[in-house]
Every structure is written in structure tokens, then in C-alpha cells.
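The next block holds one structure in the form of C-alpha cells; read it before the comments.
The values are calculated or read from the model by the stated rules, or taken from the named source; none is laboratory data. Quick caveat: nothing in here was measured; it's all calculated off a predicted structure. Virtual Cβ from ideal backbone geometry, glycine too; neighbours counted across all protein chains shown.
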Amino acid sequence: MSAYTSTLGGERHRFDSLARLLAAASPERSGDRLAGLAASSAQERVAARWALAEVPLATFLAEPVIPYETDDVTRLILDTHDTAAFAPVAGMTVGELREWLLSEAADATALAALAPGLTPEMVAAVSKLMGNADLVAVARKVRVVTAFRSTIGLPGRLATRLQPNHPTDDPAGVAAALLDGLLLGSGDAVIGINPATDSPKAVRQLLELLDGVIARYAIPTQSCVLCHVTTSVDLMERGAPVDLVFQSIAGTQAANASFGVTLSLLDEAHEAVRALGRGTVGSQAMYFETGQGSALSADAHHGVDQQTVEARAYAVARRYDPLLVNTVVGFIGPEYLYDGRQILRAALEDHFCGKLLGLPMGLDICYTNHADADDDDVATMLTMLGVAGASFVICTPGGDDIMLNYQSASYHDALYLRQVLGLRPAPEFEAWLASIGLLDERGGIREVTSHPLTAIGREVAA
Amino acid sequence: MTQLPAPTGDLALWSALRRHTQARIGLGRAGSALPTRHRLELQAAHAAARDAVHSPFEPDAVAAELTGMPTVRVRSAAPDRLTYLQRPDLGRRLDATDRAHLPVGEWDAVFVIADGLSSRAVHEHAAAVVRETVARLASWSIAPVVLAEQARVALGDDVAHAMGAAMVVVLVGERPGMSAADSLGAYLTYGPRPGTTTDADRNCLSNIRPPLGLPYETAAAKLAGLMGRARELRRTGVALKDDSDAPTALT
């Protein structure tokens, strides 16, 4: 293992491994401090960035941050690395890659071709040399288009996940929140429920509720009840209406084990859901959630900083050609991302890294009440990620999730973002909104006092 | 707030639907944004939750409500709230000086009242839960109640171990949501050992928060029942199921 050094302000700084160097170069973050990995001073942090800028990209292939023998995510990353795709940047350092990514040469076509040649550690490294505006500028150029019953990620479009959670999975409560979201033009990425229990019976009841509404109103979208992958496999075998298979994933084998998942389990689920063939305009059927801090929280980070581990989760995701991936950026709490500033930075990093690796990246822009953040931070993040070209955002009624006890974006926030940036829903969903009279003449969502869709709610209320 | 205009839309429908969910549905719109009234209501809920996180713990007030019960005060190794929020490891450990001052005895159980993430929840509910539970444990030898500041659940392991108690009940202020800033959790651990006991070794009752959440009597009856069976089985956690149907979850 080689050491990395740089001299700053007359002082020589030494970093004993690539993992140490990556951690020290990361922006200030409570989780890295908790893990004992953060730079010990502001100067050491910048010294690490100078040293990191000089590291050849090829080094990341020769010196894995977690050993090949002990971790299946490392094996996945190295075994699937596409040398031909890597060729255009093979001779560059991390600093040179930053400049190339920002240059006009790196257009949508070049970036799409490069994705299989990049590893998570390379994109994490280059993100540490980038400012927030750099992360926006590059991510905006990347196009990742996926489809199931709606098409996600087209230029000029922003999709939303409608999240009608309920603390006891009460179907009437879920239906009420579902109606609210649909009337506000939400739900083209997915109608996705976090169930309060993982019981197959409860999950199936919710799946059937969503499937019934989607079929009855011919909504061009997909449903997902975010249960454990083994529950989905079980339900698919029993003929439940599963559109997408969901799983939370992380960037190390041990952290995935703490979620009760392995790559072979995901392989099995992926095969099963593809075989169902329930998509109409596409066949991508996996949905993953990630988020900085989960590997540290499971004591499974192997001395790697939380952002680099997060990028490694995207290597797991891209193996399954997913329809949707989102980072749940501020969910765990201030021990990983302390305040609005740290959450914003992490959101931009995750989106940038995921997109560069070829993923359809969305975000759950969120915070807990013990973090130093508020709804203005949500608005700031939403605006920057809209500019950065996020595929979708998660939306809850009033931005308050009553089941998970955290705040996310609201359906109103998505209307705002579409309005100020001139973004439109997924094309199939937009056509459906027009067909039921919810699209106004300027492409926005009409404010209605009564509408045929309210039948969803009237049956509940009756 | 009442002078602000009420939301527009299908009022009868939304008020009927609100019987089924506390979600903030049917809020209406001002352009693309929320009407003023709802924006301010959200801010009020957020402010209550933030204040719950940052309000200082007042052990004297809780001790006063524990009429006739001996109490002892401790702090965790986290010196202040800012450190506490960023360093969960410190919040799980007793301050070394305080550990040395804890009384030692052959107790069946110790109750630890920990501020956690909502001292408001603790101020409003913890003493009542302890009183109601202890009243159901007539033959038990109960240690002095420990009032712990800047404390997380696992601090109870350290406390019970230092005092020689066979099991520990930690009553802790849960992470406040916007719809519930005063929710109390109860965690029961038999034979805790600092550093090796994990969340899977505990039983949990969450959302103790009358009148909207679990009532004191129900929480106390469940806790006392679980404690009795923990004593027989000599363990808690996944092996000890709460046989009632109330929702329980580790937070």
C-alpha cells in the first residue's frame, strides 16, 4: 500500500493509504468525524485534496479501498470494470478528470460512453475536488433515461415519487394521501409506500390497493411497496401485483448483510421481476434506495469515508439496470450529516456520483428534526438539484411524513420546481394529466375543487 | 391564526378523509405554494419538534413527580447538546465520575429516565409511567430511579451494570416528528453488558403519549408483564415476544 504526501504552508502531510487520503479530502461531515476518519484540520483537508488531485485514475484499479478478497462489492467493481470505456481517461489524474468533466468535450454522449469505465472510488475522488456548482454543472450534462410504464430522465422533465405513507398501513389513510398527490400532479416516477410492517399480507394488501387504482384510472405509472427483497420474491411467487422490486443497499458486503441482502439474492429478485413483464414502455423494474451513513451505522465501513462508501452502493445498483435509484439524503440524522449545509453537499455529491456511474438518480430531499435544517434547506436543495437535472424527487403531503417522522419535499414543492425551471412530468403521465383535465394551458397542474379522481377518496370516506 | 382564510377545495371531502390519516392532505394552494395558514402551521409543528430536541432536561421536576421514590442524577460522556447530537457513542456511556457515585445493590430492576431526543416527552410522561409500572411490581426490589442527561438508550446498560441491577428499563424521549414531539419510548433489557448488548437484546414499547398514543396504564401493564417474563426467561429481545398486538419497534 502506498503512502500519499503533499506540502502545504511549509508543512508536509502524509496519508498512509488511498482510503485515508479520500477520507481526509472529504468536506467536513459529522459522520466522518464520528468514524475517526475526518481530516484533523482545515489545512490537512486541503493538503489531502492537493495530493488526491495528483493520483492517477489507474491507481484506483490497482489499490482497492476495501480488499478484493474480503468484500463482494469490491469484486463486483473490479470484475465488471470496462477497460475499453475507461480508455479515454485512462491516462488522467483525478485533477485532470475534474477539468475534462467540466470541459465541453465531456458532452452527454461522451459521458454515457464513459460510465462503465468509471469506478465508484474514481467518481467519489473527483467529487471531492469539485465545488457545489461543479457538481451541478457536470451532473446536468449526464442523461440517463429509463422506462417501465412511464419514461424517466428525459431532458426538461422532472418526475416525482408519490409517497402516501401511513403509520398503520390503513388502506383508507393511504388512499386519502394518494388522492391528494394525484390531484397535485404527482406520481409519475412511482407511487411508493414505506409499509409500517414487512408482513407479506400487509404488503400485498397495499400492492393490490395501488394496482387497483392504477388500473381503474389507467395511470401510466408503477407502484412499489418498499418491503424487503425476500418479501417481494415471496409475493411474486404467489402472484401478487408487483411492478418494481425494491431494496435498500449499501456500499460494502457487510453493510448489505446488515440489510439482509446479498448480490445473489438481488440477482434472483431481478430475474423474477423481469419475468413478470408488467412494464409497457420499458422493462427496467428495480428500485434502490441508498444514503450516506448506513455503512458506518452498521459498523461496516472498513475505514472508508461515508461518501466513498455511498458511491460504492451505486456499483451494486447499476448491476441491476434499475428504473429508479434515490439517495435518502438527510434521513439518518445529524450524527452523519449535521446541518442543512452538510445535507446539501451530500445531496449534490450523491446525485453527481450516481449519474456519472450511469444511474437514474433521484433524491429524497429530507431532514429529521434533530438536524439543524428546515424547509428553506429543502427549497435550496430542490432548486439546485432541479438545475442539476435530477430524474425525480420524493414528495409527501405537506412535506411531513407521518409514518417515518421526517420531513421531505411536498407535492407543492414539486409544482414549484416544475414551474420555475420549466420542467414537465414524464411524457406518458403528462398526457394522462391532460386527458383527465388536470393540465392547464401552460403545462402546470390545474387547481380543482372537484374532480372525478375524488371518487378514490369518496369510497374511502363513505 | 384563525383570521387567515380557510383552505379552499372540496371541504366536506377532505374533512371526511382526515378522519383516516394525520397526513397533511387537501391543503389547497397559493399559486404552486402552500396557503399562508398551512405554511405557518408546518412551521409551528417544526418549531415544537426543534424545541423538544433542544429544551434542557429538568431532572428536578421529574424527581418531584416521582413522589417518595429515591432518585440519582447522572450525565453521559457527552458534555453538551451539540456534542450529544453528533456523537451517539458518547451518549451511550456514563460520565466516569457519575458512574463511581452510583449506589450498588442486589436489585431486580432499575428504571432510567433518559432525555434522549425529546426532554419534553420525558417531562410529560416518564414519571407517570414509572409510578404506574412500579405499582405493579409489589414484590420487586427496585433501585433508585436514575435521571440521565444527554443520554441514549444504551446508557442504561452502563447504569445497570454499575449498580448491579438484573434488568433495566430505559424511558427515553423519541426522535420528534412534526406530528408528535412528545413521544416516549420504553426499552427493557435483561442482564445488559455495556459494549456487547445490542438492540436485538431489547424489547421496546414506543409512542407512549396519551391521549393520542399509548396510555400510561397500558404501557405500564405491558412493561410489568414483559419484566415478569424476562425474569423467568432470564432474557429479553427477539426471544421475548410482546404477545399483545400493540405496535412495537426499535427506533
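Here is how the numbers come out for the structure above:
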| read-out | value |
| --- | --- |
| Counted residues, the stretch A:125-136 - those being assigned to a helix (DSSP H, G or I) and within 25 Å of A:P155 (Cα to Cα) | 7 |
| Any hit, the stretch B:88-105, residues being facing chain A (nearest Cβ under 9 Å), of a type outside the set (F, W, Y), closer than 20 Å to A:S408 by Cα and surrounded by fewer than 21 Cβ atoms within 10 Å (Cβ to Cβ) | no |
| Filter result for A:A105 (among the small types (G, A, S) and either without any contact (Cβ under 8 Å) to a residue 12 or more places away in the chain or within 14 Å of chain B (Cβ to nearest Cβ) (or both)) | yes |
| The stretch B:185-232, subset surrounded by 22 or more Cβ atoms within 10 Å (Cβ to Cβ) and in a helix (DSSP H, G or I), residue farthest from the chain's Cα centre (by Cα) | B:A230 |
| Cross-chain or 6+ apart pairs with Cβ under 6 Å, the stretch A:219-231 first and touching a residue at least 60 places away in the same chain (Cβ under 8 Å), then among the basic types (K, R) | A:P220/A:R149; A:T221/A:R149; A:Q222/A:R149 |
| Whichever residue in the stretch B:233-251 is at pLDDT 85 or above and loosely packed, with under 14 Cβ neighbours inside 10 Å and, among such residues, is nearest to B:A109 (Cα to Cα) | B:R234 |
| Given (1) facing another protein chain (nearest Cβ under 10 Å); (2) of a type outside the set (S, T, Y); (3) out of contact with any Leu (no Cβ under 9 Å at 6 or more places or on another chain); (4) more than 22 Å from A:Y338 (Cβ to Cβ), index of the condition A:G422 fails | (1) |
| Filtered residues of the stretch B:168-184 (kept if more than 9 Å from every other protein chain (Cβ to nearest Cβ) and crowded, with 24+ Cβ neighbours inside 10 Å) | B:V168, B:V169, B:V170, B:L171, B:V172, B:G173, B:L184 |
| Test: A:A42 is of a type in the set (A, V, I, L, M, F, W, C) and surrounded by fewer than 17 Cβ atoms within 10 Å (Cβ to Cβ) | yes |
| Cross-chain or 6+ apart pairs with Cβ under 9 Å, the stretch A:39-55 first and under 13 Å from A:R98 (Cβ atoms), then among the aromatic types (F, W, Y) | A:L52/A:Y4; A:L52/A:F15; A:E54/A:Y4; A:V55/A:Y4 |
| Pairs, first more than 15 Å from B:L223 (Cβ to Cβ) in the stretch B:128-144, second in a helix (DSSP H, G or I), C-beta under 8 Å, six or more apart | B:A143/B:M163 |
| Filter result for A:A139 (in a helix (DSSP H, G or I), in contact with a Gly (Cβ under 7 Å, 6 or more places away or on another chain) and closer than 26 Å to A:R274 by Cα) | no |
| Set A:A388, A:A409: member being crowded, with 18+ Cβ neighbours inside 10 Å, among the small types (G, A, S), on the phi < 0 side of the Ramachandran plot and touching a strand residue (DSSP E or B) at 6+ places or on another chain (Cβ under 6 Å) | A:A409 |
| Residue match in the stretch A:112-126 (condition: within 17 Å of A:L356 (Cβ to Cβ) and free of Cβ contacts under 8 Å to residues at least 24 places away in the same chain) | no |
| Pick from the stretch B:28-48, criterion under 31 Å from the mean Cα position of the chain (by Cα) and facing another protein chain (nearest Cβ under 8 Å), ranking: surrounded by the fewest Cβ atoms within 10 Å (Cβ to Cβ) | B:Q43 |
| Contacts under 8 angstrom Cβ, first residue in the stretch B:168-187 being closer than 17 Å to B:A23 by Cα, partner basic (K, R) and assigned to a loop (DSSP other than H, G, I, E, B), 6 or more apart | B:A180/B:R209 |
| Total residues in the stretch A:339-378, condition assigned to a strand (DSSP E or B), more than 14 Å from chain B (Cβ to nearest Cβ) and among the charged types (D, E, K, R) | 1 |
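Here is a yes/no grid of residues against (1) at the interface with chain B (Cβ under 9 Å from one of its Cβ atoms); (2) part of a strand (DSSP E or B); (3) not hydrophobic (A, V, I, L, M, F, W, C):
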{"position": "A:T380", "(1), (2), (3)": "no, no, yes"}
{"position": "A:T383", "(1), (2), (3)": "no, no, yes"}
{"position": "A:A390", "(1), (2), (3)": "no, no, no"}
{"position": "A:I394", "(1), (2), (3)": "no, yes, no"}
{"position": "A:R418", "(1), (2), (3)": "yes, no, yes"}
{"position": "A:G437", "(1), (2), (3)": "no, no, yes"}
{"position": "A:E441", "(1), (2), (3)": "no, no, yes"}
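Yes/no matrix, rows are residues, columns are (1) more than 14 Å from every other protein chain (Cβ to nearest Cβ); (2) more than 23 Å from A:Q292 (Cβ to Cβ); (3) surrounded by fewer than 13 Cβ atoms within 10 Å (Cβ to Cβ):
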position	(1), (2), (3)
A:A3	yes, yes, yes
A:T7	yes, yes, yes
A:P27	yes, no, no
A:S30	no, no, no
A:R49	yes, no, no
